[in-house]
Each structure stands twice: as C-alpha cells, then as structure tokens.
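Here the structure is laid out as structure tokens; the discussion comes afterwards.
The values are calculated or read from the model by the stated rules, or taken from the named source; none is laboratory data. The shown structure was predicted, so the numbers you read here are calculated from the model rather than taken from an experiment. Positions of Cβ are backbone-derived with ideal geometry, glycine not excepted, and every protein chain shown enters the neighbour counts.
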C-alpha cells in the first residue's frame, strides 16, 4: 500500500503558489504532520476541495478513489469511508 505525505499537502492548500511551498520547506516553516496510507496502490493524483475540508486521492493501479477529511486544526487526514472503485483514475479536477 502506498502512502501520502500530509504536511506539504495541507500547508500547500493555504499558500499562494508553489514557490511559497518550497521556501516553507527550506526554512523549516512547513513541517511533517504525518503520513497516511493512500488506501490503494499507486497514488497518481491528489486534489484538495475548494473549501479545504477534503483531500481526494486517485490510486490508478489500485483502481480506486479515496476521500479523506482534513482536520482544520492539525491538517491530519482521516478516511471518510471505503474508497470508490473506479477503472484507472489518473486525474482529479474540481470544478466550482
């Protein structure tokens, strides 16, 4: 089972651009919160909902899509249930 790194994803959602993420890692302002199983084989793509409450993980070789809630205080992830079976998910797009 593959894993996803929580810290950078949670913090990244709150930063204006990718360069800010890299600076935060380099200067120690962004720290590891935790590592969670992706609930499938080969996490291919991740997306955070616009409201910042959920992270979606497409596990392409595992043929599923996992959904995690994001704790607004800690940034930790918690699975919201069994991953949905989807044939080879490779990209997640969230529309308004």
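Among the residues of the range 62-87 satisfying the criterion of being modelled with pLDDT of 90 or more, surrounded by fewer than 16 Cβ atoms within 10 Å (Cβ to Cβ) and part of a loop (DSSP other than H, G, I, E, B), which is nearest to the chain's Cα centre (by Cα)? Of everything passing the filter in the range 62-87, 80 is nearest to the chain's Cα centre (by Cα).
Suppose we filter 35, 86 for residues that are touching a helix residue (DSSP H, G or I) at 6+ places or on another chain (Cβ under 7 Å) and free of Cβ contacts under 8 Å to residues at least 40 places away in the same chain; which single one remains? Let's see the steps before the verdict.
Working: 86 fails: touching a helix residue (DSSP H, G or I) at 6+ places or on another chain (Cβ under 7 Å).
Result: 35 is the single residue among 35, 86 that is touching a helix residue (DSSP H, G or I) at 6+ places or on another chain (Cβ under 7 Å) and free of Cβ contacts under 8 Å to residues at least 40 places away in the same chain.
Scan the range 42-61 for residues that are buried (at least 19 other Cβ atoms within 10 Å of the Cβ) and out of contact with any strand residue (DSSP E or B) (no Cβ under 9 Å at 6 or more places or on another chain) and jot them down. Across the range 42-61, there are no qualifying residues. Going through (1) crowded, with 19+ Cβ neighbours inside 10 Å; (2) modelled with pLDDT of 85 or more one by one, residue 10 falls short only on (2). Considering the range 50-60, and only residues there that are at pLDDT 90 or above and in a loop (DSSP other than H, G, I, E, B), the residue that is nearest to the chain's Cα centre (by Cα) turns out to be 53.
Are any residues in the range 30-41 touching a strand residue (DSSP E or B) at 6+ places or on another chain (Cβ under 9 Å) and exposed (fewer than 13 other Cβ atoms within 10 Å of the Cβ), and if so, which ones? Talk me through it step by step, then tell me what you get.
Looking only at the range 30-41, we keep the residues that are touching a strand residue (DSSP E or B) at 6+ places or on another chain (Cβ under 9 Å), and these are 32-41.
Correct list: 32, 35.
Only one of the numbered conditions (1) in a loop (DSSP other than H, G, I, E, B); (2) surrounded by 14 or more Cβ atoms within 10 Å (Cβ to Cβ); (3) at pLDDT below 90 is violated by residue 96, and that is (2).
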